[in-house]
Amino acid sequence: MNPIIIGTGVAVGLAAVVLTMLGNPANMGFCIACFLRDIAGACKFHQAPVVQYVRPEIVGLVLGSTIMSLATKEFKAKAGSSPATRFILGACVMIGALVFLGCPLRMVIRMGGGDLNAFVGLVGFAIGILIGIYFLKAGFSLKRTYNVTKLEGFTLPGSMVLLFALVTIAPALFAFSKAGPGSKHAPAMIALVIALVIGALCQKSRMCMVGSMRDMFMFKDFNLLSGFVAIFVTVLVGNMVLGKFNGFSTYLQPIAHEAQMWNLLGMVIVGWGSVLLGGCPLRQLILAGEGNGDSAVTVFGMIAGAAIAHNFKLAGGAASLTNGVYKTGGIGSTGQMAVGLILVILLIVSFVNLPKKD
């Protein structure tokens, strides 16, 4: 086992616990999908009032990767690998994550918080990865990348610097939640510093939620998986130490729902789409920080997907208890139709990008 990967997993788990203590929503110390959704809302790309906030964690993850890759001379500006397809896949992955209510990283954090709904998501995630692996073995490829100017490589890091500068100098330009998950956040500068460290560690360790299971299934390589396990164990122990762990249950988990078929299918989409993209949402941020323009396009696709999900009411609704009436949550009919359509899109993309037979 690689100690750098395990150490990064422990650091990510500790960061998730600390950020939650400092104000981030429960079981959401880090969530790439949720935080990009909040940024989309803050930029007024969608109008859901409870999920609008410029999350400094996203800024920190990208810039931490950039700083580390520049320091180690691993920053390489490259792009040109089916950018339009990657944008669409990024949007699809985001919608799938918001159906489930979390990215693969939050799935592990939810598991460490005792949320059994997240274990259902894990099964779907594994199924999606296995489907993606099938197409990888059949020769799936989004084609090669090309060297581009350094300016192109700084597209996402530069965007993050601009975003953070604008929200600091002119916060009135943005929307901010007054209630709900978007209103819950750790102090901005502390969150930024923590995320800078995590971004640097993830760049160095190559941590990837999808890559960990892909390597396990394809090559019987458990190195990346050890980081996945380290996050889960650290969050679980952290919750126990802080008295936040109340056992494993599906009931009324923070920002989660009990519509298990949609928990599973949402994460099938995330696993499958992320394999086709070559990395989970966290990994896409880190790669974009290293100068990968294709990953930057993917991140912009995820932001667009978040806007679509909330503008068209595709995202999952959390379970709730109001006046003694318990609702299990789930997704509406438009969300269910979107899941079916996205599965078809993933199938088409998978087949179209197989090697052509003579």
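The values are calculated or read from the model by the stated rules, or taken from the named source; none is laboratory data. On a predicted model such as this, the values are computed, not experimentally measured, just so you know. Cβ: placed from backbone, ideal geometry, glycine included. Neighbour counts: every protein chain shown. For the accessible areas, the whole protein counts, side chains as well, though only heavy atoms, and no ligand, DNA or RNA atoms are used. Shrake-Rupley method; radii C 1.70, N 1.55, O 1.52, S 1.80 Å.
Numerical summary
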| quantity | calculated |
| --- | --- |
| Contact order normalised by residue count of the range 275-335, Cα under 8 Å, 6+ apart, percent | 21 |
| Rounded accessible area of K44 (nearest 10 Å², 1.4 Å probe) | 100 |
| Dipole of the chain, positive end: most advanced residue of A315, F140, Q47 [Cβ charges, Cα centre] | F140 |
| Fluctuation leader among A304, A191, A172 - the chain, Gaussian network, Cα springs under 10 angstrom | A172 |
| DSSP beta bridges in the chain [antiparallel fraction, %, rounded to 5] | 75 |
| Candidate residues E57, E152: accessible-area rank, largest first, probe 1.4 Å | E152, E57 |
| Relative contact order of the range 136-245, pairs being alpha-carbon contacts under 8 Å that are 6 or more residues apart, as % | 10 |
| Under the span-like rule (Cα at least 20 Å along the axis, Kyte-Doolittle mean at least 0.5), DSSP H helices of the chain | 3-21, 56-71, 83-100, 116-137, 155-169, 188-205, 223-241, 260-277, 293-311, 333-352 |
| Whole-angstrom gap from the range 95-138 to the range 283-358, using each part's C-alpha centre | 12 |
| Choice from V93, V339, V268 with maximal GNM fluctuation in the chain (Cα, 10 Å cutoff) | V339 |
| Unpaired by the 4.7 Å Cβ criterion, cysteines found in the chain | C43, C92, C103, C202, C208, C280 |
| The chain: C-alpha gyration tensor shape, a/c 1.5 cut-off, then a/b vs b/c | rounded |
| Prolate/oblate/rounded label for the range 1-127 (Cα gyration tensor, a/c 1.5) | rounded |
| Candidate aspartates and glutamates for bridging to K150, where Cα separation is under 15 Å - those fewer than 8 sequence places away on the same chain excluded | E74, E290, D294 |
